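Working notes for the structure below.
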Amino acid sequence: MSPPRAHHFRGSLGRFATGVAIVTFDGVTKRHGITVNSFTSVSMEPPLVLVSIARKTRAHDELAGRPFSVNILGAEQRQLALHFAGRPGSEPEWVEGPIAPRLARVLAWFECKPWAAYDGGDHTLYLGEVVDFDYRSGDALAFANSVFTTIPESQLGMEDLL
């Protein structure tokens, strides 16, 4: 794709607002966190989720075959998103999950066992089987048009309707 066309493609994709999540896991040599906005549910039975990780991400190769957690960020956790996107700040607080490490006080979290990995061009699509999860009240951190924004809690969820 030509550079102007690639830029326009990326801009078009950016019109789709997403939540912001951090994938955390213990690698061979150290603990890792990767900020992502490509996260989605795949299946309720079995419970599966998918994260899309760029191949150029430093920790990409270490994630293969490893348990991981997906940490959904609250609106007040922008600095945490930046920390794991290459702009380090103060060291985050970790929770030692029985499956994989996760971050403290996130809006929601999913601990996952590896299920499958698929070629996704310049990304790898990692599916995880959700073993444990939880959430708390609060506004969600979102990303659209290359900027962070907030999704108010009043617009989240429908579990009360189920």
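The values are calculated or read from the model by the stated rules, or taken from the named source; none is laboratory data. Note that the coordinates shown come from a computational prediction; the quantities given were computed from them, not determined experimentally. For neighbour counting, all protein chains shown are included, and Cβ atoms are generated from backbone atoms with ideal geometry for every residue, glycine included. Each accessible area value is taken on the protein alone, full model and side chains, heavy atoms only, with ligands, DNA and RNA left out. Shrake-Rupley method; radii C 1.70, N 1.55, O 1.52, S 1.80 Å.
Structure notes:
- For the chain: rounded, prolate or oblate by the Cα gyration tensor [a/c cutoff 1.5]: rounded
- Modelled spin-label separation between Ser43 and Arg31, with each label point placed 7 Å from Cα along the Cα-to-Cβ direction: 3.1 nm.
- Simple label model, 7 Å out from Cα along Cβ direction - Lys56 to Ser146, nm: 1.5
- Stretchable slack from Asp134 to Ala116, in nm (0.36 nm times residue separation minus alpha-carbon distance): 4.2 nm
- Net charge dipole size for the chain [Lys, Arg +1 and Asp, Glu -1 on Cβ; Debye, nearest 20]: 820
- Accessible area per residue was computed with a 1.4 Å probe on protein heavy atoms; Thr150 scores about 70 Å².
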